[in-house]
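Taking it in order: structure first as structure tokens, then the write-up.
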């Protein structure tokens with residue numbers, strides 16, 4: 001059964017075994033839908049019971065056949081790993097007993113660069129070098145301001 005994730009739009013399929021498990025779970029818990037989890041984003045996409053039953057109308061008979069098949073040909077579980085993984089430093093010492101352990105490299109210090117003006121490559125001049133002059137203030141350039149200044153001068 002082909003499904004498209006409702007969140008990431010990834011297409012994926014439900015196998016015959018997954019569909020039988022879903023129908024069996026929905027029947028035992030009296031559910032109306034099954035949550036199929038997307039293999040990419042792991043979010044659950046709800047699948048209505050009617051849609052699953054449409055793909056497997058005689059799912060109870062198929063479930064009995066599947067259980068009989070599993071009794072005839074049982075699957076063995078994979079053996080658990082018995083060896084332990086050694087840390088890299090222990091394995092390195094055993095492979096090279098005469099060598100000394102390598103020390104980690106010291107981190108490079110961050111260099112601070114002087115702040116420069118754009119395009120010039122030089123530092124901006126200090127305020128004392130400018131003669132302590134403050135930058136000019138921006139004044140609105142409206143006609144009403146000009147008229148007021150000229151009126152004050154004429155009085």
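No lab work stands behind these numbers, since they all come straight from the coordinates. Note that the structure is predicted; figures quoted are calculated from it, not measured. Reconstructed Cβ throughout: ideal geometry from the backbone, glycine too, with neighbour counts over all protein chains shown.
Descriptive notes on the structure:
- Between residue 40 and residue 2, residue separation times 0.36 nm minus the direct Cα-Cα distance comes to 12.2 nm.
- Cβ-Cβ distance of residue 75 and residue 33, R₀ of 25 Å, FRET efficiency by 1/(1 + (r/R0)^6): the value works out to about 0.30.
- In plain terms, the residue of 49, 40 with the fewest other Cβ atoms within 10 Å comes first and the most crowded comes last, giving 40, 49.
- Volume in Å³ per residue [convex hull over Cα atoms, computed for region 2-72]: 92 Å³
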